[in-house]
Amino acid sequence: MNIIVSRAAKHYGAVVLISALLVNIAVLAALGLAAPLESDTVFFAAIAKNFASGNGYTNPRSPWPSEPALDRLPGWTGALALAFSILPHVDPPVVVRLTTLLLNVVAALLLARVAFKVTQNRTAALFAGLFYVVYLPALFFMHSGLSETGLIVVLTATVLLFLNGRLLWGALLLGFSCLFRANYLLLTPLVPVLLWWLGGRSKMLAVGGLALFGIFPGLWMIRNALNGCPMLSSTSGEVLRGTHNPVVFYDWKHLGLWIQPDDIPGEEPFQSLARRLSPCDLCRHYQAEAKEYALQNWTRLPLVMAGRFYRGYVPIPGNVTGTSVLGFGMRGIVLIGFVLLWKRWRRVIDHRYQVMLAGFILISLATSLLVTAASRHTFWLEVLLIPCVTAAAATFFTKAAVQECR
């Protein structure tokens, strides 16, 4: 076994590439390449299809189909629009899933490369790449066509740029990640500190990196401001209202979760509000309601935050099925392994990566505790923790190999 792993580790890139292709293709074949799209993917695909067809960045599925879309960020939409422009006559579900298949394979390769870069250990790189290949949450998002797959590619590429000393390019790409997840704007105060530390305490580098970090989100906010909504996404109000309401605050089954505003008892229906309010006014309406409710029920907030932490970081599924148990079990390996093996992996992981992880963990915790949390919102962080867990696993493997040789 040790000989097989050692030989595979020498060519970890090829092994991960072939494995990723086979596993992702098998999942699509089993679950259906052309299965109907669900969740947010429906809206991302609709905007992307419109944009690729020359109809502008509009959402035909929203109450404002002819107005510039303000609800979905352009990172994932742009990737899908490129795919639709290449495959204009192919059914949208097929286009979306071919895109996520390709990106999920790239994500596996990039993560393996990150693991090698931070450990200089090919076995750790092999373990990281292969673990991601079979990581059920990643395969779920790949088949669902959600933006998480593209986000992992952007984040792992960003980390590699930082590790390779291309700090300004890394800052620019990290800013681009804000077009996948608006909460990454919370990284703003951390970016100059990180660049100052990585760049030999250069103040000019820190300032320049911060400016580059703000380019992509800044341009998108300007675009939205010109359309009457000076924010990254008009869905922020729905998110806040969906996490600050009687159901989420007082119903134990939903404690700490997010629900659709229409599911709040006594709430005026979304479609009714949309008939008399613009996207931005509707967003502000939900934001005001959420803030008012939070102020009136502030004593409940600590319990709600505890619920959010549980939903985001405790690997116990809400609905127990064979697949969910296996998927959350894999999440548990990452999250629990990261904590329990801390002393082992911190000795072999590049200190620069440890500093980056600290920043990402802070952003994840801030978003989860203050706004919303679920396994979907912590998935990206779990992926970045995998190299640490596999680095620890590689040390066990190396020790076993040495003992076997003796």
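The values are calculated or read from the model by the stated rules, or taken from the named source; none is laboratory data. Small disclaimer: the values here were computed from a predicted structure and weren't measured. Please note: Cβ atoms are built from the backbone with ideal geometry, for glycine as well, and neighbour counts cover all protein chains shown.
Quick look at the values:
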read-out	value
Tally of residues being over 20 Å from Gln296 (Cβ atoms), among the small types (Gly, Ala, Ser) and surrounded by 13 or more Cβ atoms within 10 Å (Cβ to Cβ) across region 240-283	2
Where Leu82 falls short, out of the listed (1) over 18 Å from Val154 (Cβ atoms); (2) aliphatic (A, V, I, L, M); (3) loosely packed, with under 15 Cβ neighbours inside 10 Å; (4) touching a helix residue (DSSP H, G or I) at 6+ places or on another chain (Cβ under 8 Å)	(1)
Helices (runs of 4 or more DSSP H) lying entirely in region 276-385 (those with 2 or more residues that are under 30 Å from Gly228 (Cα atoms))	279-296, 351-370
Test: residue in region 326-335 that is in contact (Cβ under 8 Å) with a residue 60 or more places away in the chain and over 23 Å from Arg113 (Cα atoms)	yes
Subset of region 34-63 (residues that are of a type outside the set (Gly, Ala, Ser), part of a loop (DSSP other than H, G, I, E, B), touching a helix residue (DSSP H, G or I) at 6+ places or on another chain (Cβ under 8 Å) and crowded, with 17+ Cβ neighbours inside 10 Å)	Leu37, Tyr57, Asn59
For His244: the one exception among (1) farther than 24 Å from Ala288 by Cβ; (2) touching a residue at least 12 places away in the same chain (Cβ under 8 Å)	(1)
Among (1) assigned to a helix (DSSP H, G or I); (2) over 20 Å from the mean Cα position of the chain (by Cα), the one test that Phe141 misses	(2)
Looking only at region 187-215, and only at residues there that are farther than 16 Å from Leu163 by Cβ and not in a helix (DSSP H, G or I), the one that is modelled with the lowest pLDDT	Arg201
Any chance Thr149 is crowded, with 21+ Cβ neighbours inside 10 Å and β-branched (Val, Ile, Thr)	yes
Filter pass, Leu357 being within 24 Å of Ser147 (Cα to Cα), modelled with pLDDT of 90 or more and surrounded by 18 or more Cβ atoms within 10 Å (Cβ to Cβ)	yes
Qualifying residue in region 70-77 (condition: crowded, with 23+ Cβ neighbours inside 10 Å, within 21 Å of Met330 (Cβ to Cβ) and in contact (Cβ under 8 Å) with a residue 12 or more places away in the chain)	no
Sole residue being within 21 Å of Leu381 (Cα to Cα), in a loop (DSSP other than H, G, I, E, B), of a type in the set (Gly, Ala, Ser) and modelled with pLDDT under 95, chosen from Gly165, Gly256	Gly256
Failed item in (1) crowded, with 16+ Cβ neighbours inside 10 Å; (2) in contact with a His (Cβ under 8 Å, 6 or more places away or on another chain), with Phe338 passing the rest	(2)
Arg166 vs. criteria within 30 Å of Pro387 (Cβ to Cβ) and without any contact (Cβ under 8 Å) to a residue 24 or more places away in the chain	yes
Selected residue (only one of Val27, Val23, Val16 is assigned to a helix (DSSP H, G or I), in contact with a Gly (Cβ under 7 Å, 6 or more places away or on another chain) and modelled with pLDDT of 90 or more)	Val16
